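Student: Can you keep this structure in mind? I'll have questions shortly.
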Amino acid sequence: MKKLFLTILLMPVMSFSQEKEVLKYFISKDSLVGVKNQKGEIIIPAQFINLTGMKDNEIVESTNNTVFFDSSLADKSKIEKNSWGVVFDRKGNLLYQPYSYDNGADYFSEGLRRFVKNGKVGFVDRNAKTVIEAEHDFVAPFNYGYAAFCDGCDWEKTGDEHRAIVGGKWGVMNVKGQIVQPLTKPTAQDVEIEGKYYPNLFQYNEKEKNILQFFEKQKKKLSDLYYVNFYNKLSEKEKNLFFEIVERPKENFPYYQINTYDYRKRDLDMLYRFKFLVSEDGKIFYAIEDYNDKKVPFENWLKEEIKNAEDFQKEHKDNPNKFINR
């Protein structure tokens, strides 16, 4: 009886010890932002300009045991070229500075995010682990297992909002950072990048094939939903979709992520539309709903997409790519 009582008594203590320590922002006298722990100890010194309106004692939202400062370092000499913000671990160790993209930190594309170190670009995963070292002057986001890179190049010197990368020598890498040469005799399964073809890298076990079959069975409906508001009449070939598993379950991410690609094997949406998550056991399906990977049950997402498509067609009766709910 005493043994049982002791076990019950220890359970709340053990559960509490497993909870993450609450971290809070603090504002210094010179209006810079840092992070303290529950004891008031400084974890990250106040060194960031308060660009996003963070408040004193505001709780830090931590993702995958990391803390992201969506702000600029006050000391400009510490800011990496073409970077945006800084990522720390919960102990205050600086992990990396994300690459700057679309007026913010780079998004995760196929499970990888660009970062900058010593002026070069590499990739980290969701757990802030370096997957590809920062070795190139520019690297594009991953698409269908490949990323184009260049050395000796830079952004063109212009005041235009949309600039291009100019100069340098270009190549293509896979998700291991290995340089891949184009094929001399491509097949229909291969991937076209800037007029050259590369091997299709996606391979699956039986469980993963079953996951993809869920989407294959609904390909026609999903295609019609996506293209319903395109005003150029598209052929069935042009509306063809490919579904690929781009990320598998790992620490802090117990899901398979499935991305959707068009008939040329290009990502339908660089952000989150028509991207899906599947539970580790392969039985529960979700759609990603926002930039922060918020997920909703697939059935709910599909109903909303159908409603939006039908509403669009009521207002635009001349749309050439009709959606018919079968």
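Student: Counting only residues that are open to solvent by less than 50 Å² (accessible area, probe 1.4 Å) and of a type outside the set (Phe, Trp, Tyr), which one in the range 142-152 is farthest from the chain's Cα centre (by Cα)? Steps first, please.
Tutor: From the range 142-152, those open to solvent by less than 50 Å² (accessible area, probe 1.4 Å) are 142-150; that's our starting set.
Now narrow it down to the ones that are of a type outside the set (Phe, Trp, Tyr): 143, 145, 147-148, 150.
Values: Asn143: 12, Gly145: 14, Ala147: 14, Ala148: 17, Cys150: 22 Å.
The residue in question is Cys150.
Student: Among the residues that make up the range 228-237, is at least one of them under 22 Å from the mean Cα position of the chain (by Cα) and touching a residue at least 12 places away in the same chain (Cβ under 8 Å)?
Tutor: no
Student: Residues in the range 108-144 that are of a type in the set (Gly, Ala, Ser), closer than 12 Å to Val175 by Cβ and free of Cβ contacts under 8 Å to residues at least 60 places away in the same chain: how many? Break it down into steps so the answer makes sense when it comes.
Tutor: Of all residues in the range 108-144, those of a type in the set (Gly, Ala, Ser) come to 109, 111, 119, 122, 128, 134, 140.
Then keep just the ones that are closer than 12 Å to Val175 by Cβ; that gives 109, 111.
From what is left, the residues that are free of Cβ contacts under 8 Å to residues at least 60 places away in the same chain are none.
The qualifying residues number 0.
Student: Output yes when any residue across the range 244-260 is modelled with pLDDT of 95 or more and part of a helix (DSSP H, G or I), and no when none is.
Tutor: No, the conditions are met nowhere in the range 244-260.
Student: As an exercise: evaluate Ala128 against (1) under 24 Å from Lys275 (Cα atoms); (2) among the aliphatic types (A, V, I, L, M); (3) open to solvent by 70 Å² or more (accessible area, probe 1.4 Å) and give the number of the one condition it does not meet.
Tutor: Unmet condition: (3).
Student: For the subset of the range 1-46 comprising residues that are among the hydroxyl-bearing types (Ser, Thr, Tyr) and at pLDDT 60 or above, which member is most open to solvent (accessible area, probe 1.4 Å)?
Tutor: Step one: of the range 1-46, the residues among the hydroxyl-bearing types (Ser, Thr, Tyr) are 7, 15, 17, 25, 28, 31.
Now drop any that are not at pLDDT 60 or above, which leaves 25, 28, 31.
On the way: Tyr25: 22, Ser28: 28, Ser31: 72 Å².
Looking at the filtered set, the residue picked out is Ser31.
Student: Mind checking which residues of the range 227-243 are part of a loop (DSSP other than H, G, I, E, B) and open to solvent by 20 Å² or more (accessible area, probe 1.4 Å)? Walk me through how you get there before you give the answer.
Tutor: Going residue by residue through the range 227-243, those that are part of a loop (DSSP other than H, G, I, E, B) are 228-241.
Asn229, Phe230, Tyr231, Asn232, Lys233, Leu234, Ser235, Glu236, Lys237, Glu238, Asn240, listed by residue number.
Student: For the range 153-219, which strands (runs of 3 or more DSSP E) that fit wholly inside it have 3 or more residues that are open to solvent by less than 70 Å² (accessible area, probe 1.4 Å) and not small (Gly, Ala, Ser)?
Tutor: Details: elements: 169-174, 191-193, 196-198.
Answer list for the range 153-219: 169-174, 191-193.
Student: Looking for whichever is of a type outside the set (S, T, N, Q), open to solvent by 10 Å² or more (accessible area, probe 1.4 Å) and touching a Ser or Thr at 6+ places or on another chain (Cβ under 9 Å) here; the options are Leu95, Leu112. Which one fits?
Tutor: Values: Leu112 fails: touching a Ser or Thr at 6+ places or on another chain (Cβ under 9 Å).
Testing whether each residue is of a type outside the set (S, T, N, Q), open to solvent by 10 Å² or more (accessible area, probe 1.4 Å) and touching a Ser or Thr at 6+ places or on another chain (Cβ under 9 Å) leaves just Leu95.
Student: Looking at the range 303-310, is at least one residue open to solvent by less than 80 Å² (accessible area, probe 1.4 Å), assigned to a loop (DSSP other than H, G, I, E, B) and of a type in the set (D, E, K, R)? So that I can check it myself, show each step before the final result.
Tutor: Taking the range 303-310 as the starting set, the residues that turn out to be open to solvent by less than 80 Å² (accessible area, probe 1.4 Å) are 305-306, 308-310.
Still in the list and also assigned to a loop (DSSP other than H, G, I, E, B): none.
No, the conditions are met nowhere in the range 303-310.
Student: What are the pairs with Cβ atoms under 7 angstrom where one residue, in the range 201-215, is under 18 Å from Gln189 (Cβ atoms) and the other, located anywhere, is at pLDDT 95 or above and open to solvent by 40 Å² or more (accessible area, probe 1.4 Å)? Sequence gap at least six, or different chains.
Tutor: Hits for this filter: Leu212/Tyr204.
Student: While we're on this one: Could you grab the pairs with beta carbons closer than 7 Å, sequence gap of 6+ or different chains, first residue in the range 285-296 and under 13 Å from Arg273 (Cβ atoms) and acidic (Asp, Glu), second one open to solvent by 30 Å² or more (accessible area, probe 1.4 Å) and not in a loop (DSSP other than H, G, I, E, B)?
Tutor: Once the first residue is under 13 Å from Arg273 (Cβ atoms) and acidic (Asp, Glu) and sits in the range 285-296, its partners that are open to solvent by 30 Å² or more (accessible area, probe 1.4 Å) and not in a loop (DSSP other than H, G, I, E, B) give Glu289/Lys295.
Student: Sticking with this one: Identify the single condition in (1) in a loop (DSSP other than H, G, I, E, B); (2) open to solvent by less than 20 Å² (accessible area, probe 1.4 Å); (3) aromatic (Phe, Trp, Tyr) that Tyr291 does not satisfy, given that it satisfies every other one.
Tutor: (2)
Student: Considering each of Asn259, Asn252 in turn, give the residue that is surrounded by 17 or more Cβ atoms within 10 Å (Cβ to Cβ), of a type outside the set (A, V, I, L, M, F, W, C) and in contact (Cβ under 8 Å) with a residue 60 or more places away in the chain. Show your work before the answer.
Tutor: On the way: Asn252 fails: surrounded by 17 or more Cβ atoms within 10 Å (Cβ to Cβ).
It is Asn259.
The values are calculated or read from the model by the stated rules, or taken from the named source; none is laboratory data. Only a predicted model underlies this, so the values are computations on that prediction, with no experimental measurement involved. Glycine also receives a Cβ, built like all others from the backbone with ideal geometry; neighbour counts cover every protein chain displayed. All accessible areas refer to the heavy atoms of the entire protein, side chains included, with ligands and DNA or RNA removed. Shrake-Rupley method; radii C 1.70, N 1.55, O 1.52, S 1.80 Å.
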